[in-house]
Amino acid sequence: MSEKENSKTRILLKLFFSMLYISTFTFGGGFVIVTLMKKKFVDEYHWIEEQEMLDITSIAQSSPGAIAVNAAVIVGKKLGGIMGIIAATLGTVIPPLVIISVISFFYNAFSENPYVALILKGMQAGVAAVILDVVCSLSKDYVKNRKIFEIILIAVSFTAVFFLKINVILIILCAAAIGFVTVLIKNKKAVKK
Amino acid sequence: MIYLKLFLAFLQVGLFSVGGGYAAIALIREQVVDTNMWLTMSEFSDLTTIAEMTPGPIAVNAATFVGTKIAGLPGALLATAGSILPSCIICSLLAFIYYKYKGAKTLQSILKSIRPATIGLILSAGLSILQYAVFSNGELSFSSFDIISLVIFVAAFIILRKTKLSPIPVMLCSGVIYLIVNLIFQGGIL
């Protein structure tokens, strides 16, 4: 095996095992796994840029299917083409497949166990801390450079989904429209000059 | 043929559920309970409970659960494959378009305003989970306030901000510490 092939195989294996690890411990919805992927692939491995991870998140959120699988497909495609997609998707899907097959046999013992319930309840606090930590590091740049436009967008989209319960995809589409209008206005100004 | 039926049912779930877990639950119910009658309504509510207590997307959890019950391991594999196939095709196309035109000015500007909006969405997801952690059932009232959860959240948050500890150990420790503290209080040691 040549050196290039060798390093490609290494990336695929690393990708597979990272997704396997992350997916095994992701409780509570698509945004949790996306924040864990950000920690792993952006902060630890430096395979993906921070802004790129946000783009991946919004694509994964607006496409049909599970957010976790969608994000895994995009990250896999970037890192290793078709083989990358297969590695990342298998890593994402194997843990729930195995865990559910095992648990469905002793469902009652599991779901009525008070210790399991307490651990899961306590983990929620930890999950919230992980997500809010990622939110802080994602918005640090905007706050430090006083990017008022971006900060207002964060606040508006948060209010729209948290308080007004507006559909998430509608919010992403509106943000896209705002970006599109901004570029049109800028182009017009450039033409006038 | 049962394998094909399972595959196609979950293919539809994967194709038409846009926007994450809660959108998927309604579609899964329609396929599994109403159309194909693979599960009774009470089995279906067991399924959603298990899905909430275990890792992984609900569509994959449901596909495995139903597939195993109806046609064993091959059923589970085929149903799961059906639920993720649309994602694989659609998202690899979108990834191709994204990486090809990422540099284009118009797309740049659009992405520039989608990014902060996405941060707002993640913030909202985090605060919803926090609300459920600190107030049992998510009701903002004094009687449902859970001080132990709040202390664990603050400690975990500070640790994550100030150190380089990875998130998964922090999450698992939060669960174990919560269990221990509750056992101590219930046992009347303190």
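The values are calculated or read from the model by the stated rules, or taken from the named source; none is laboratory data. All of these numbers come straight from a predicted model, not from anything done at the bench. Glycine gets a Cβ as well: all are built from the backbone with ideal geometry, and neighbour counts include every protein chain shown. Each accessible area value is taken on the protein alone, full model and side chains, heavy atoms only, with ligands, DNA and RNA left out. Shrake-Rupley method; radii C 1.70, N 1.55, O 1.52, S 1.80 Å.
Of note:
- Taking amide H as placed 1.01 Å from N in the peptide plane, B:Val18 has its amide H under 5 Å from the amide H of A:Gly65, each at least 5 places away in sequence or on another chain.
- Contact residues in the range B:38-58 by the 30 Å² criterion (accessible area, 1.4 Å probe, full protein complex versus chain alone): B:Asp46, B:Ile50, B:Met53, B:Thr54, B:Pro55, B:Pro57.
- Largest-first ordering by accessible area, 1.4 Å probe, given options A:Lys121, A:Lys4, A:Lys38: A:Lys4, A:Lys121, A:Lys38
- Averaging over all projection directions, the Cα-based convex hull of the range A:3-143 occupies 9.9 nm² in the image plane.
- Computed over the range B:105-187, the Cα gyration tensor eigenvalues convert (square root of 5λ each) into semi-axes of 33, 18, 8 Å, ordered from largest to smallest.
- Per-residue Karplus couplings for the range B:112-129, computed as 6.51 cos²θ - 1.76 cosθ + 1.60 with θ equal to phi - 60°, are listed in order as 4, 8, 6, 4, x, 4, 5, 4, x, 5, 5, 4, 5, 4, x, 5, 4, 5 Hz, Gly and Pro entered as x.
- For the protein assembly as shown, calculated [θ]222 nm from helices alone, where every DSSP H run of n ≥ 4 adds -39500 (n - 2.57): -27500 deg cm²/dmol
- Residue-span extension gain [A:Asp43 to A:Ala177] - 0.36 nm each, minus C-alpha spacing: 45.2 nm
- Given charges at beta-carbon only (K, R positive; D, E negative), |dipole| of the protein assembly as shown in Debye: 1940
- Interchain or long-range residues, amide H under 5 Å from A:Ile166's placed H: A:Val161
- Between A:Lys186 and A:Cys136, the C-beta separation translates, for a Förster distance of 30 Å, into a calculated FRET efficiency of about 0.50.
- Remark: accessible area buried at the A-B interface is about 7900 Å², both chains counted, probe radius 1.4 Å.
- Karplus-derived HN-Hα couplings along the range B:141-158 (A = 6.51, B = -1.76, C = 1.60, θ = phi - 60°), whole Hz, x at Gly and Pro: 9, 5, 5, 9, 5, 10, 5, 4, 4, 5, 4, 4, 4, 4, 4, 4, 4, 5
- Between B:Val151 and B:Met37, the contour length at 0.36 nm per residue exceeds the Cα-Cα span by 36.5 nm.
- In the context of the full protein assembly, A:Glu150 retains an accessible surface of approximately 10 Å², using a probe radius of 1.4 Å and ignoring ligands and nucleic acids.
- Cut-off under 5 Å, modelled amide H: who pairs with B:Thr54 long-range: none
- Gain in span if fully extended, B:Lys100 to B:Leu4, counting 0.36 nm per residue against the direct Cα distance: 31.0 nm
- Within straight-line cross-link reach of A:Lys186, lysines at Cα separation under 29 Å, skipping those fewer than 8 residues along the same chain: A:Lys140, A:Lys144, A:Lys147, B:Lys100, B:Lys102, B:Lys105, B:Lys112
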